[in-house]
1. Would you mention how many residues in segment 228-256 are closer than 19 Å to Thr169 by Cβ, within 21 Å of the chain's Cα centre (by Cα) and buried (at least 21 other Cβ atoms within 10 Å of the Cβ)?
2. Restricted to segment 235-259, and to residues that are part of a loop (DSSP other than H, G, I, E, B) and charged (D, E, K, R), which residue is nearest to Phe123 (Cα to Cα)?
3. Filter segment 15-32 down to the residues that are β-branched (Val, Ile, Thr) and surrounded by 12 or more Cβ atoms within 10 Å (Cβ to Cβ), then identify the one that is nearest to Gln116 (Cα to Cα).
4. Out of all the residues in segment 169-193, which are surrounded by 15 or more Cβ atoms within 10 Å (Cβ to Cβ) and part of a strand (DSSP E or B)?
5. Report yes if some residue within segment 164-171 is among the hydroxyl-bearing types (Ser, Thr, Tyr) and without any contact (Cβ under 8 Å) to a residue 40 or more places away in the chain; otherwise report no.
6. Identify the single condition in (1) among the hydrophobic types (A, V, I, L, M, F, W, C); (2) surrounded by fewer than 23 Cβ atoms within 10 Å (Cβ to Cβ); (3) outside the structural domain of Tyr274 (by TED's automatic domain parsing); (4) farther than 23 Å from Leu78 by Cβ that Ile156 does not satisfy, given that it satisfies every other one.
7. Considering each residue of segment 18-57, count those that are basic (Lys, Arg) and either over 25 Å from Ala103 (Cβ atoms) or under 24 Å from the mean Cα position of the chain (by Cα) (or both), and give that number.
8. Which condition number in (1) at pLDDT 95 or above; (2) surrounded by 16 or more Cβ atoms within 10 Å (Cβ to Cβ) is the one that Lys12 fails?
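The values are calculated or read from the model by the stated rules, or taken from the named source; none is laboratory data. Just so it is clear, the model here is predicted, and its values are computed rather than measured. A quick note on method: Cβ atoms are made from the backbone with ideal geometry, for glycine too, and the neighbour counts reach across all protein chains shown.
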Amino acid sequence: MNPFSHIGLFTKPNDTRVDKTLFQLHEFLLERGYHVHCDRDAGIILGLPTMPSDLLARQIDLAIVVGGDGTLLSTGRLLADHEVPLIGINLGRVGFLVDISPAEMLTQLEQMLAGQYKEEARFVLHADVIREEEIIGSGEALNDVVLHVRNEVRMIEFTTRIDGYFVNTQRADGIIITTPTGSTAYALSSGGPILHPALQALALVPICPHTLSDRPLVISNQSVIDIHLCEDRDIPARVSFDGHNNIELESGDALRIHTRPEKVRLLHPQSYDYYHILREKLHWGVQP
């Protein structure tokens with residue numbers, strides 16, 4: 001029995017590189033009798049009707065994302081409530097998450113749509129911004145939640161508590177709370193550890209800390225993290241979710257971060273090898 005029937009196509013906006021791949025993909029799916037639905041950007045390229053994102057998420061049982069890791073991140077956040085599985089076709093630069101090349105797309109999809117795939121569950125972070133004991137904003141992230149200085153070349157000062165326990169007060173350019181999915185992104189460039197996707201863990205990675213002993217900290221993904229901006233340092237700061245949806249912060253504001261119960265489901269070819277991805281993308285073992 002075919003595990004999928006209604007397939008949604010999602011793509012990177014305003015990028016003509018996706019056009020050829022998207023047309024090939026659409027024709028391939030129609031020839032095999034699948035019901036194809038499009039997000040706004042895919043629909044514009046293909047000249048097909050579109051529907052609001054929340055309705056689209058309820059209509060499909062599989063999403064195919066054409067673009068880069070950023071496109072898959074935004075689609076994953078959109079579909080997390082419905083736990084619709086995703087397949088990524090890589091037209092970006094890095095491609096840790098979108099791991100199928102256009103050249104291999106049709107061959108790999110033939111097998112995957114027949115049920116021959118590996119599945120991973122990636123968890124999502126939720127963060128509330130609290131001001132004077134009221135939630136003034138919130139956001140979600142598949143990669144990371146980042147507290148950082150806004151525009152000035154100055155450090156911010158903040159305290160961190162985990163599950164109610166005081167951890168430290170530190171001065172830094174900010175701090176990254178990363179999932180295993182995000183551990184190969186901004187957190188990695190800030191000296192954080194690579195977390196295997198199967199780990200139920202988070203990492204707290206300071207950004208340019210003033211004290212050399214402030215090191216990355218790996219904790220359970222079941223923990224609740226509270227970060228409080230110190231009131232005596234009025235330095236403009238903001239919080240970002242997967243590099244987007246910035247919320248401006250004031251001194252005295254707080255963040256409360258925890259994982260959501262819903263997961264993002266990623267489907268990979270049977271040949272998927274996480275360590276091969278690391279070697280290829282990070283150029284491990286390459287001779288100068």
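1. 2
2. So the first thing to find is which residues in segment 235-259 are part of a loop (DSSP other than H, G, I, E, B), and the list is 235-236, 242-243, 250-253.
Add one more test, that the residue is charged (D, E, K, R), and what stays is 242, 250, 253.
On the way: Asp242: 13, Glu250: 29, Asp253: 26 Å.
The qualifying residue nearest to Phe123 (Cα to Cα) is Asp242.
3. Thr21
4. Pass one, segment 169-193, residues surrounded by 15 or more Cβ atoms within 10 Å (Cβ to Cβ): 170-188, 190, 192-193.
Residues satisfying the conditions are Gln170, Arg171, Ala172, Gly174, Ile175, Ile176, Ile177, Thr178.
5. yes
6. (2)
7. 1
8. (1) is the only condition that Lys12 fails.
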